[in-house]
Amino acid sequence: MKKFSGKFALVVTLLLPLIACSQGSAPGTPAAAAEDDSPEGQAFQYRVGLMHAVAWKVGKLRAMAMGEIPVDDMAAVKGARDVSALAGMMAEGFIPNSAVKGSAALPEIWTNFPDFESKAADLGKAAAALADAAQANGFEASKGMVQAVGQSCGGCHRPYRKREE
């Protein structure tokens, strides 16, 4: 088996225990895919971990922007920088033939991979711009940019992710 990058090991070490806890009880979760030890199954696990981390971080940013939780400038900057870093790791989790059981990935990811990579990069750029603006002017002044981060998520999900039925 091939060795995976240090990023993969970090994500697996930090996120898979959380994912494993949440998959056992949630209906419709890909528990069978989590046990897949193949490179394709591991790629799936990797990207699921990344997606959960991005959702967590963007959710916190959104909650601050909506006034649901108190604004914390340092946490906002860190959260946005984290999303930017995670976005930069996204495409490597979509190796060929990794649309394993439980995956919502559409075949168009691999037939139009440059566009897919570009959309992942757009997420990274939007998050980095938010982090830079929040660091320079405070989160309160830049919270409108959270919407662009969310839209960049949708910019990839709409064409490349199966819709839940």
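Inspect region 107-116 for any residue being in a loop (DSSP other than H, G, I, E, B) and more than 23 Å from residue 164 (Cβ to Cβ) and give the result as yes or no. No: region 107-116 contains no residue that is in a loop (DSSP other than H, G, I, E, B) and more than 23 Å from residue 164 (Cβ to Cβ). Scanning region 31-89 for residues that are within 29 Å of residue 137 (Cβ to Cβ), in contact (Cβ under 8 Å) with a residue 12 or more places away in the chain, acidic (Asp, Glu) and not in a helix (DSSP H, G or I) yields a total of 1.
Restricting attention to region 116-150, the residues that are farther than 11 Å from residue 80 by Cβ, surrounded by 14 or more Cβ atoms within 10 Å (Cβ to Cβ) and of a type in the set (Asp, Glu) add up to 2.
One line per residue, one yes/no per condition, for (1) among the charged types (D, E, K, R); (2) under 20 Å from residue 56 (Cα atoms); (3) touching a Gly at 6+ places or on another chain (Cβ under 7 Å); (4) without any contact (Cβ under 8 Å) to a residue 12 or more places away in the chain:
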| residue | (1), (2), (3), (4) |
| --- | --- |
| 126 | no, yes, no, no |
| 129 | no, yes, no, no |
| 134 | no, yes, no, no |
| 137 | no, no, no, yes |
| 142 | no, yes, no, no |
| 145 | no, yes, no, no |
| 149 | no, yes, no, no |
| 152 | no, yes, no, no |
| 161 | yes, yes, no, no |
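Against the conditions (1) in a helix (DSSP H, G or I); (2) at pLDDT 95 or above; (3) within 30 Å of residue 138 (Cα to Cα), residue 14 satisfies every one except (2). Of all the residues in region 92-111, those that are in contact (Cβ under 8 Å) with a residue 12 or more places away in the chain, more than 14 Å from residue 42 (Cα to Cα) and either in contact with a helix residue (DSSP H, G or I) (Cβ under 6 Å, 6 or more places away or on another chain) or of a type outside the set (A, V, I, L, M, F, W, C) (or both) number 3. The residues of region 55-88 that are surrounded by fewer than 21 Cβ atoms within 10 Å (Cβ to Cβ) and under 8 Å from the mean Cα position of the chain (by Cα) amount to a single one, 55.
When residue 112 is tested against the conditions (1) under 25 Å from residue 147 (Cβ atoms); (2) surrounded by 14 or more Cβ atoms within 10 Å (Cβ to Cβ), the lone failure is (1). For residue 96, which of the numbered conditions (1) more than 16 Å from the chain's Cα centre (by Cα); (2) crowded, with 17+ Cβ neighbours inside 10 Å; (3) of a type outside the set (D, E, K, R) fails to hold? Single failed check for residue 96: (2). Within region 139-158, the presence of at least one residue that is within 13 Å of residue 77 (Cβ to Cβ) and touching an Asp or Glu at 6+ places or on another chain (Cβ under 7 Å) is confirmed.
The values are calculated or read from the model by the stated rules, or taken from the named source; none is laboratory data. For clarity, every value in this text was computed on a predicted model and none was experimentally measured. Backbone-built Cβ (ideal geometry, glycine too); neighbour counts: all protein chains shown.
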